[in-house]
Amino acid sequence: MLKRSAAAPFKAYRLLGLPNPMHVMIARFAAFLLVLIVGLPSTAMARTGPVELRTPDGKRVWVYLPNTWDRGTKFPCVVVPPAGSRLFHGMSLGAGDRSEHLPYVVAGFAVVSFDISGPWSDEATPAAQAEAIRTFMKADLGVKDALEALQIATTKYPEIDRTRVYIAGHSSAATLALQVAAASDQFRGCIAYAPATNMEEEFKPETLKTLEPFAPGISAALVKGSPSNQVAAYRCPIFLFHAEDDRSVPVASILAFKNALLRNGKSVEQVTVPSGGHYDSMIKQGVPKGIAWLKALDAQAPKR
């Protein structure tokens, strides 16, 4: 077990060679501000704020409904997990996540987001961090959280069309979106912006060795849950988005995943843009392209 220094907080991300979570949170909040600056109408925001529901064990579920509802019609729905984890632990919702939610709502989709079991704190004790990893494992790396959140939202809001449900995510949330789509046939489409698709490449052997004492079995769970190892399980179309100058996710990994899907006869569309990096490309270019893809796919679905 890794030991926590008495002189300084335990900083696992340094040891594991992973991004500083504070930097990730700053980026998420900056993207939220960006959406406000580039022109999302304030009136639209005021009408599309989320309603917060709770799971039986207290996790939050956010539900947004478009303001275009006509009595007797139903909304298509996009499930959007929160991004920013390092794939071996959960993630809590934050204000910065709304920049990824609101564009779908403005486009006419209901949105469901949720806390992912086992959120991490670098200030926590090693025992608490180990418990976070174990909790994340028990939730099937967040898959159970996504399905539970969808069930709670659709039970509360029958105007959400259960036959027109999609899932979308960025970075770690894109990985989870792919994992959920592989695990369940409830989704008509999956959008993955800059996902990590191969856990055996994503985590160095020494990183997995470091994690294993925290939660025995986490290494095997990560490898088993790798989207690259679940290619045959996908039953819905997949949209992949990536920027060539993304320093977090290699272009080659996205191409390899797309080609594996094609070899297995899966429906996949890939869009690559030349610039924008890991985050800005998703906000400025990826989400608009993803929404256009969703609308085209949803137009083919029977309306209720």
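The values are calculated or read from the model by the stated rules, or taken from the named source; none is laboratory data. Note that this is a predicted model, so its numbers are computed, not measured. Neighbour counts run over all protein chains shown; Cβ positions are idealised from the backbone, glycine included.
Below, the figures for the structure above:
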{"quantity": "Tally, over the stretch 221-279, of residues that are under 17 Å from the mean Cα position of the chain (by Cα), of a type in the set (A, V, I, L, M) and not in a loop (DSSP other than H, G, I, E, B)", "calculated": "4"}
{"quantity": "Residue satisfying condition, being in contact with a Ser or Thr (Cβ under 6 Å, 6 or more places away or on another chain) and not basic (K, R), within set L208, L240, L261, L222", "calculated": "L208"}
{"quantity": "Residue within the stretch 55-65 that is at pLDDT below 95 and either in a loop (DSSP other than H, G, I, E, B) or surrounded by 16 or more Cβ atoms within 10 Å (Cβ to Cβ) (or both) present", "calculated": "yes"}
{"quantity": "Check on L297, crowded, with 19+ Cβ neighbours inside 10 Å, over 25 Å from L141 (Cα atoms) and aliphatic (A, V, I, L, M)", "calculated": "yes"}
{"quantity": "Which numbered condition R188 misses (of (1) in contact with a strand residue (DSSP E or B) (Cβ under 8 Å, 6 or more places away or on another chain); (2) more than 27 Å from G265 (Cβ to Cβ); (3) of a type in the set (K, R))", "calculated": "(2)"}
{"quantity": "Failed item, numbered, when V251 is tested on (1) over 28 Å from P205 (Cα atoms); (2) without any contact (Cβ under 8 Å) to a residue 24 or more places away in the chain; (3) among the hydrophobic types (A, V, I, L, M, F, W, C)", "calculated": "(1)"}
{"quantity": "Subset of the stretch 66-85 [at pLDDT 95 or above and out of contact with any Lys or Arg (no Cβ under 9 Å at 6 or more places or on another chain)]", "calculated": "V78, V79, V80, P81, S85"}
{"quantity": "Sole residue being touching a residue at least 24 places away in the same chain (Cβ under 8 Å), of a type outside the set (S, T, N, Q), over 29 Å from P76 (Cα atoms) and in a loop (DSSP other than H, G, I, E, B), chosen from P213, P195", "calculated": "P213"}
{"quantity": "Qualifying residues in the stretch 168-213 (those that are of a type in the set (D, E) and more than 19 Å from the chain's Cα centre (by Cα)) - the one nearest to A132 (Cα to Cα)", "calculated": "E212"}
{"quantity": "Boolean, E269 is charged (D, E, K, R) and within 15 Å of A168 (Cα to Cα)", "calculated": "yes"}
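Rundown of residues vs (1) farther than 19 Å from G84 by Cα; (2) in contact with a helix residue (DSSP H, G or I) (Cβ under 6 Å, 6 or more places away or on another chain); (3) buried (at least 23 other Cβ atoms within 10 Å of the Cβ), yes/no style:
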residue: K156; (1), (2), (3): yes, no, no
residue: A174; (1), (2), (3): no, no, yes
residue: A177; (1), (2), (3): no, no, yes
residue: Q186; (1), (2), (3): yes, no, no
residue: G189; (1), (2), (3): yes, yes, yes
residue: E206; (1), (2), (3): yes, no, no
residue: P216; (1), (2), (3): yes, no, no
residue: A220; (1), (2), (3): yes, no, no
residue: N229; (1), (2), (3): yes, no, no
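Residue by residue, here is whether (1) touching a residue at least 24 places away in the same chain (Cβ under 8 Å); (2) part of a strand (DSSP E or B) holds:
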{"position": "E123", "(1), (2)": "yes, no"}
{"position": "A127", "(1), (2)": "no, no"}
{"position": "E131", "(1), (2)": "no, no"}
{"position": "T135", "(1), (2)": "yes, no"}
{"position": "A146", "(1), (2)": "yes, no"}
{"position": "A168", "(1), (2)": "yes, yes"}
{"position": "A174", "(1), (2)": "yes, no"}
{"position": "A182", "(1), (2)": "yes, no"}
{"position": "I191", "(1), (2)": "yes, yes"}
